[in-house]
Amino acid sequence: MHVRSFQLSDCNQVIELLQIALSEECYENTMEPFSRQLAWDSDLIMVAEEDGEIVGALIGTIERNHGCYFRIAVHPDYRRRGIGKSLVAAMEQRFQSRKVSRILVAGDEHNVAAMPLYEAMGYGANKILTSFQKLSIVGQP
(Lines give C-alpha, C1' and ligand atoms only; values in the text may rest on other atoms or scores of the structure.)
Protein backbone atom coordinates (compact mmCIF):
# COMPACT_ATOMS: atom_id res chain seq x y z
CA MET A 1 0.00 0.00 0.00
CA HIS A 2 1.24 3.44 -0.95
CA VAL A 3 -0.11 6.77 0.40
CA ARG A 4 0.32 9.82 -1.79
CA SER A 5 -1.21 13.15 -2.74
CA PHE A 6 -4.31 13.19 -4.90
CA GLN A 7 -3.77 13.64 -8.64
CA LEU A 8 -6.40 14.84 -11.09
CA SER A 9 -6.33 11.43 -12.80
CA ASP A 10 -7.56 9.93 -9.48
CA CYS A 11 -10.88 11.77 -9.59
CA ASN A 12 -13.08 8.97 -10.96
CA GLN A 13 -11.57 6.33 -8.68
CA VAL A 14 -11.96 8.55 -5.61
CA ILE A 15 -15.58 9.33 -6.44
CA GLU A 16 -16.25 5.61 -6.90
CA LEU A 17 -14.52 4.87 -3.58
CA LEU A 18 -16.60 7.50 -1.79
CA GLN A 19 -19.79 5.97 -3.22
CA ILE A 20 -18.80 2.50 -2.01
CA ALA A 21 -17.32 3.42 1.38
CA LEU A 22 -19.78 6.08 2.57
CA SER A 23 -23.50 5.99 3.21
CA GLU A 24 -25.63 7.65 0.55
CA GLU A 25 -26.31 10.67 2.77
CA CYS A 26 -22.67 11.00 3.75
CA TYR A 27 -21.61 10.72 0.10
CA GLU A 28 -24.05 13.48 -0.86
CA ASN A 29 -22.78 15.68 1.99
CA THR A 30 -19.15 15.04 0.99
CA MET A 31 -19.18 15.72 -2.75
CA GLU A 32 -19.46 19.51 -2.60
CA PRO A 33 -16.72 19.90 0.05
CA PHE A 34 -14.56 17.45 -1.94
CA SER A 35 -15.02 19.57 -5.08
CA ARG A 36 -14.24 22.77 -3.19
CA GLN A 37 -11.10 21.31 -1.67
CA LEU A 38 -9.99 20.16 -5.13
CA ALA A 39 -10.38 23.71 -6.38
CA TRP A 40 -8.70 25.32 -3.37
CA ASP A 41 -5.88 22.97 -2.44
CA SER A 42 -5.80 19.41 -3.78
CA ASP A 43 -2.60 18.71 -1.79
CA LEU A 44 -4.87 18.30 1.23
CA ILE A 45 -6.48 15.23 -0.28
CA MET A 46 -4.50 12.04 0.30
CA VAL A 47 -5.11 8.66 -1.31
CA ALA A 48 -4.02 5.14 -0.45
CA GLU A 49 -3.25 2.97 -3.43
CA GLU A 50 -2.80 -0.78 -3.65
CA ASP A 51 -1.98 -2.57 -6.91
CA GLY A 52 -2.92 0.53 -8.90
CA GLU A 53 -6.34 0.87 -7.26
CA ILE A 54 -7.33 3.61 -4.83
CA VAL A 55 -8.55 1.92 -1.66
CA GLY A 56 -8.62 4.88 0.71
CA ALA A 57 -8.93 8.66 0.70
CA LEU A 58 -8.74 11.43 3.27
CA ILE A 59 -10.02 14.94 2.65
CA GLY A 60 -8.43 17.60 4.81
CA THR A 61 -8.60 21.35 4.91
CA ILE A 62 -6.87 24.26 6.62
CA GLU A 63 -8.87 27.12 8.00
CA ARG A 64 -7.71 29.91 10.29
CA ASN A 65 -4.37 28.11 10.63
CA HIS A 66 -6.08 24.96 11.94
CA GLY A 67 -5.79 21.67 10.05
CA CYS A 68 -8.95 19.59 9.92
CA TYR A 69 -9.58 15.99 8.93
CA PHE A 70 -12.89 16.38 7.13
CA ARG A 71 -13.71 12.94 5.71
CA ILE A 72 -11.95 9.58 5.55
CA ALA A 73 -13.07 6.67 3.38
CA VAL A 74 -11.57 3.19 3.11
CA HIS A 75 -12.95 0.55 0.77
CA PRO A 76 -14.85 -2.05 2.86
CA ASP A 77 -12.66 -4.88 1.51
CA TYR A 78 -9.52 -3.13 2.78
CA ARG A 79 -10.56 -2.02 6.26
CA ARG A 80 -8.60 -3.00 9.37
CA ARG A 81 -5.31 -3.11 7.45
CA GLY A 82 -3.85 0.18 8.70
CA ILE A 83 -4.91 2.22 5.66
CA GLY A 84 -6.84 4.76 7.74
CA LYS A 85 -3.90 5.20 10.11
CA SER A 86 -1.52 5.65 7.18
CA LEU A 87 -3.77 8.29 5.62
CA VAL A 88 -4.13 10.20 8.89
CA ALA A 89 -0.37 10.03 9.54
CA ALA A 90 0.38 11.34 6.02
CA MET A 91 -2.11 14.20 6.39
CA GLU A 92 -0.73 15.01 9.84
CA GLN A 93 2.72 15.40 8.27
CA ARG A 94 1.23 17.61 5.58
CA PHE A 95 -0.43 19.79 8.23
CA GLN A 96 2.80 19.99 10.24
CA SER A 97 4.79 21.00 7.16
CA ARG A 98 2.28 23.82 6.69
CA LYS A 99 2.85 24.79 10.33
CA VAL A 100 -0.80 24.71 11.40
CA SER A 101 -1.29 25.68 15.03
CA ARG A 102 -3.75 22.88 15.77
CA ILE A 103 -5.18 19.77 14.11
CA LEU A 104 -8.85 18.93 14.57
CA VAL A 105 -11.34 16.30 13.44
CA ALA A 106 -14.67 17.35 11.91
CA GLY A 107 -17.15 16.02 14.45
CA ASP A 108 -20.21 15.60 12.27
CA GLU A 109 -22.52 12.60 12.50
CA HIS A 110 -20.87 10.98 9.47
CA ASN A 111 -17.49 10.77 11.23
CA VAL A 112 -18.80 8.87 14.26
CA ALA A 113 -17.64 5.50 12.89
CA ALA A 114 -14.14 6.88 12.30
CA MET A 115 -13.72 8.39 15.78
CA PRO A 116 -12.06 5.28 17.28
CA LEU A 117 -9.37 5.58 14.60
CA TYR A 118 -8.72 9.23 15.43
CA GLU A 119 -8.81 8.54 19.18
CA ALA A 120 -6.29 5.70 18.77
CA MET A 121 -4.01 8.20 17.07
CA GLY A 122 -4.27 10.69 19.94
CA TYR A 123 -7.14 12.87 18.79
CA GLY A 124 -9.30 12.94 21.90
CA ALA A 125 -12.43 14.92 22.70
CA ASN A 126 -10.50 18.20 22.92
CA LYS A 127 -9.58 17.88 19.23
CA ILE A 128 -13.06 17.23 17.84
CA LEU A 129 -14.40 20.20 15.91
CA THR A 130 -18.09 20.14 16.76
CA SER A 131 -18.88 23.38 14.96
CA PHE A 132 -17.61 22.03 11.66
CA GLN A 133 -20.40 23.77 9.74
CA LYS A 134 -18.34 26.95 10.11
CA LEU A 135 -15.61 25.50 7.91
CA SER A 136 -15.67 27.18 4.54
CA ILE A 137 -15.09 23.79 2.90
CA VAL A 138 -18.72 23.00 3.73
CA GLY A 139 -20.20 26.49 3.77
CA GLN A 140 -20.11 29.51 1.56
CA PRO A 141 -16.56 30.79 0.93
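The values are calculated or read from the model by the stated rules, or taken from the named source; none is laboratory data. The structure presented is a predicted model; accordingly, all values stated were derived computationally and were not measured. Please note: Cβ atoms are built from the backbone with ideal geometry, for glycine as well, and neighbour counts cover all protein chains shown.
Looking only at region 94-115, residues that are surrounded by 19 or more Cβ atoms within 10 Å (Cβ to Cβ) and on the phi > 0 side of the Ramachandran plot come to 0 in all.
So if I check each of ARG94, ARG81, which one is outside any strand (DSSP E or B), under 15 Å from the mean Cα position of the chain (by Cα) and more than 17 Å from LEU22 (Cα to Cα)?
Details: ARG81 fails: under 15 Å from the mean Cα position of the chain (by Cα).
Step by step, each of ARG94, ARG81 is checked, and only ARG94 is outside any strand (DSSP E or B), under 15 Å from the mean Cα position of the chain (by Cα) and more than 17 Å from LEU22 (Cα to Cα).
For region 11-69, a residue qualifies if it is of a type in the set (Ser, Thr, Tyr), closer than 20 Å to SER86 by Cα and surrounded by fewer than 17 Cβ atoms within 10 Å (Cβ to Cβ), and exactly one does: SER42.
Quick check on my filter: what residues within region 1-37 are in a helix (DSSP H, G or I) and hydroxyl-bearing (Ser, Thr, Tyr)?
Matches in region 1-37: SER9, TYR27, THR30, SER35.
On inspection, THR61 qualifies as assigned to a strand (DSSP E or B) and either touching a helix residue (DSSP H, G or I) at 6+ places or on another chain (Cβ under 8 Å) or small (Gly, Ala, Ser) (or both). Of all residues in region 38-58, exactly one satisfies the criterion of being outside any helix (DSSP H, G or I), small (Gly, Ala, Ser) and modelled with pLDDT under 95, namely GLY52.
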